[in-house]
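The values are calculated or read from the model by the stated rules, or taken from the named source; none is laboratory data. Because the structure is a prediction, the values reported are computed rather than measured. No Cβ is skipped: glycine too gets one built from the backbone with ideal geometry, and neighbour counts run over all protein chains shown. The accessibility values were calculated without ligands, DNA or RNA, using every heavy atom of the protein model including side chains. Shrake-Rupley method; radii C 1.70, N 1.55, O 1.52, S 1.80 Å.
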Amino acid sequence: MPSDDDVVRIKRRVQPSILGLDARVLGVGVGGKVDESGRPTGELAIWVITYADPRPGLPPIRSVIPRDYEGVKTHIVEVTKKVPEFQGKRVAAGSWIRGYRSAPGDEEWEVNTGTLGIAARTAEVPDDKRPNVLLSCHHVLGEQAGGRVVQLSCCNCCKPDVARVLRGDKRVDATIATINGDWEAEEGKIDDVMLTGTAYITPYPLWSSVPPDVLAALKNVAYDVYKYGAATGWTKGIVGCVDVACYPKFSPVTVPVILISSTGKDAKAFSKHGDSGSVVIDGKRRVVALLHGGQETLDEVGITWAVPIKDVERGLNIRVASTSPPSVWSAIATSPLSDTHRALAGTAFGRELLDMYGRHEPEVRRLLRESRQFVLAWHRCQGPELVGALTAVAERRIESLPTHVAGRSWADRVGMVLRALRGLGSVALVRDLDQIAPLLTGLGGRTYGQVLELIAGLESRS
């Protein structure tokens, strides 16, 4: 039986032939297998998303798609070409916005209407400065530099200018717009739901690179996600499959996308026309994707396409604005928690730790953005789980740090991360790591108070 990583490799190897099988094939992804009764089987399958084309003379699409490829079963999802009609406008977090482009003679043309997704920062704006751009879809705002972006009122009587288009990228269907000086974007939350960071759930390069808490949920078709869109407000969905390669004539997006369905036939549709541009978050309130579009299915459940947020960030060279400090899969906390910061600042060694954090956080973040070697090591060493545990203890959401992480001791896991950083980090980073390595490796099993006592003890011995 193929392993999970084998499934991903096989899918990627055969996806060109699947996309070429029939003009009705729209995309190919990897997701949990569901049997004929609708129950998840706990194994991975190759998802094939197709049009259910009723034209005479065409064989049933299910007779065209093989039941399996190299031992990996296929799962077919049929969609229709019907597009829901636009209905109403309202102001909220995830509000209605509209993009305009200019024509010769300063005549303006509407690009499209959709949802304002989230505030973000361009590369030159530090994390301690307010977000400077708004993020939505390319097909909503276009890419003409300077194009107006307006926010629509509930009755469409007011259309204040809120931003000007900065740049867009069709490959990820995303555009950013510079926030006008008299406007300020709300940071770190959507409709009063506080965000905790971002997560990259595309299996790149392997299935095992997906966050551990997501892996089992995907295989059992149980990874719940949520979005707040201008058309439908808050809705809940389930990620059906990831790593979806779309047929080029069907979609301009060139990166693997995510397929989301509503939670059942009688449930509210996950998205409708007008929700494009909203961001998708998971149960841990991590931003995972930018909503790209959707279609109806024969069983009336409907599906939504979304672009992984990390691909959007890379494509536009931005960082989405989430609550500080986020505990994320492919990054580290952006700043210390306020209470913990004050406690550390009360000791000499604690202040030294904070200084080290300030000096080296940009370098580590750069490694996580640009070094594939370090990203793989970070995932393999369970770095995000270590950071998440530290954050949870600091927030008092858990009593003590774990003694073991994914079958290895805390000290072993920390040591693995330190070795990866020593191999790729600067001389200054390595020097400081060597100084604090005994402290970091010895934190396993300690409570918040014990960690602070340990730091105070180190201060008294210095």
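With every protein chain in place, what's the accessible area of Phe270 (1.4 Å probe, Å², nearest 10)?
10
Given points 7 Å out from each Cα along the Cα-Cβ axis, report the Glu43 to Leu206 separation in nanometres with one decimal.
It is 2.1 nm.
Based on the Cβ-Cβ distance from Arg351 to Thr447, what FRET efficiency comes out when R0 is 25 Å, to the nearest 0.05?
0.70
Could you estimate the translational diffusion coefficient of the stretch 385-462 from the Stokes-Einstein equation, with Rh from the Kirkwood formula over C-alpha pairs, at 25 °C and 0.890 mPa s, in whole µm²/s?
Details: Rh = 13.3 Å.
Stokes-Einstein gives a translational diffusion coefficient of 185 µm²/s.
If Asp192, Asp432 are ordered by their accessible area, calculated over protein heavy atoms with a 1.4 Å probe, which sequence runs from highest to lowest? Provide the component values of the computation, followed by the final result.
Numbers: Asp192 115, Asp432 15 Å².
Order by accessible area, largest first: Asp192, Asp432.
Is there a quick way to get the dipole size of the stretch 383-462? I mean about its Cα centre, with the Cβ of Lys and Arg at +1 and of Asp and Glu at -1; what is the value in debye to the nearest 20? Before the final figure, lay out each step's value.
Details: 9 positive and 8 negative charges, 35 e Å.
Around 160 debye, computed over the stretch 383-462.
With each pseudo-label sitting 7 Å past Cα toward Cβ, what's the Asn220-Arg365 distance in nm, one decimal?
Computed distance between label sites Asn220 and Arg365 equals 3.6 nm.
If I stretch the segment between Lys129 and Asp161 completely, what's the gain in nm (0.36 nm per residue apart, minus their alpha carbon distance), one decimal? Before the final figure, lay out each step's value.
Numbers: separation 32, 0.36 × 32 = 11.52 nm, distance 2.22 nm.
Additional length available on full extension: 9.3 nm.
Starting from the amide H of Gly293, placed 1.01 Å from N in the peptide plane, find each other amide H under 5 Å away whose residue is 5 or more places distant or on another chain.
Trp305
Quote the Stokes-Einstein diffusion coefficient, in whole µm² s⁻¹, for the chain, based on the Kirkwood radius over alpha carbon pairs, a temperature of 10 °C and a viscosity of 1.306 mPa s. Don't jump to the answer; show the numbers that get you there.
Working: Rh = 23.6 Å.
Here the translational diffusion coefficient equals 67 µm²/s.
Rounded to the nearest angstrom and ordered from largest down, what semi-axes does the equivalent ellipsoid of the stretch 146-215 get from its C-alpha gyration tensor (root of 5λ)? Could the numbers behind the result be given before it?
Details: eigenvalues 218, 60, 25 Å².
Equivalent ellipsoid semi-axes, largest first: 33, 17, 11 Å.
Express in nm, to one decimal, how much length is gained between Gln373 and Thr403 on full extension, taking 0.36 nm for each residue of separation and deducting their alpha carbon distance.
Working: separation 30, 0.36 × 30 = 10.80 nm, distance 2.68 nm.
Computed gain between Gln373 and Thr403 is 8.1 nm.
Can you tell me the length gained on complete extension of the stretch Ser426 to Ala456, counting 0.36 nm per residue apart and subtracting the Cα distance?
On the way: separation 30, 0.36 × 30 = 10.80 nm, distance 2.80 nm.
So the chain would gain 8.0 nm between Ser426 and Ala456.
Work out the length of the dipole vector of the chain about its Cα centre, built from +1 on the beta-carbon of each Lys and Arg and -1 on the beta-carbon of each Asp and Glu, and round it to the nearest 20 debye. Could the numbers behind the result be given before it?
Numbers: 57 positive and 54 negative charges, 109 e Å.
The calculation lands at about 520 debye.
Which whole-number percentage describes the relative contact order of the chain, with Cα contacts under 8 Å and a sequence gap of 6 or more?
On the way: 1021 pairs, mean separation 61.1, N = 462.
13 percent.
With every protein chain kept in the model, how would you rank Lys227, Lys159 by accessible area, 1.4 Å probe, largest at the top? Please report the intermediate quantities before stating the final value.
Details: Lys227 0, Lys159 90 Å².
The residues order as Lys159, Lys227, largest area first.
Among the aspartates and glutamates, which fall within straight-line cross-link reach of Lys129, defined as a Cα-Cα distance under 13 Å, with same-chain neighbours fewer than 8 residues apart omitted?
Cα-Cα hits under 13 Å: Glu184, Glu186, Glu187.
Among Val279, Ser37, Gly302, which residue has its Cα furthest toward the positive end of the charge dipole of the chain, with +1 on Lys/Arg Cβ and -1 on Asp/Glu Cβ?
Ranked along the dipole, the leading option is Ser37.
Expressed in nm², what is the orientationally averaged projection area of the convex hull enclosing the Cα positions of the stretch 1-72? If you can, show how the numbers build up before the last one.
Working: hull surface 20.5 nm².
That works out to 5.1 nm², a quarter of the Cα hull's surface.
Quick check: from the Cα gyration tensor, does the stretch 243-316 come out rounded (a/c under 1.5), prolate or oblate?
Values: a/c = 2.06, a/b = 1.28, b/c = 1.61.
Cα axes put the stretch 243-316 in the oblate bin.
Can you work out the FRET efficiency for the pair Asp434 and Asp182, with r the C-beta to C-beta distance and R0 = 45 Å, to the nearest 0.05? Mind dumping the intermediate values first?
Numbers: r = 50 Å, r/R0 = 1.11.
Step by step, r from the Cβ atoms, then E = 0.35.
Say a site is exposed when it is one of the GluC sites (Glu not before Pro), sits in a DSSP loop, and has at most 14 other Cβ atoms within 10 Å; what is then the longest site-free stretch of the chain?
Longest gap between qualifying sites, sites excluded: 187-299.
I want to check the label-to-label distance for Leu298 and Arg67. Put each point 7 Å from Cα in the C-beta direction and report it in nm to one decimal.
The modelled label-to-label distance comes out at 1.8 nm.
Taking just the alpha carbons, could you work out the radius of gyration and Dmax for the stretch 201-282, both in angstroms?
So, for the stretch 201-282, Rg and Dmax equal 13.4, 37 Å respectively.
Under 1.5 on a/c is rounded, so check that first for the stretch 165-303, then, if it is not, pick prolate when a/b is larger than b/c and oblate when it is not; a ≥ b ≥ c are the square roots of the alpha carbon gyration tensor eigenvalues. Kindly include the intermediate steps, with their values, before the conclusion.
Values: a/c = 1.31, a/b = 1.29, b/c = 1.02.
Here the stretch 165-303 falls in the rounded category.
For Lys268, list the lysines whose Cα falls under 20 Å from its own Cα; do not include residues on the same chain fewer than 8 positions away.
Straight-line reach from Lys268, under 20 Å: Lys81, Lys82, Lys89, Lys227, Lys236.
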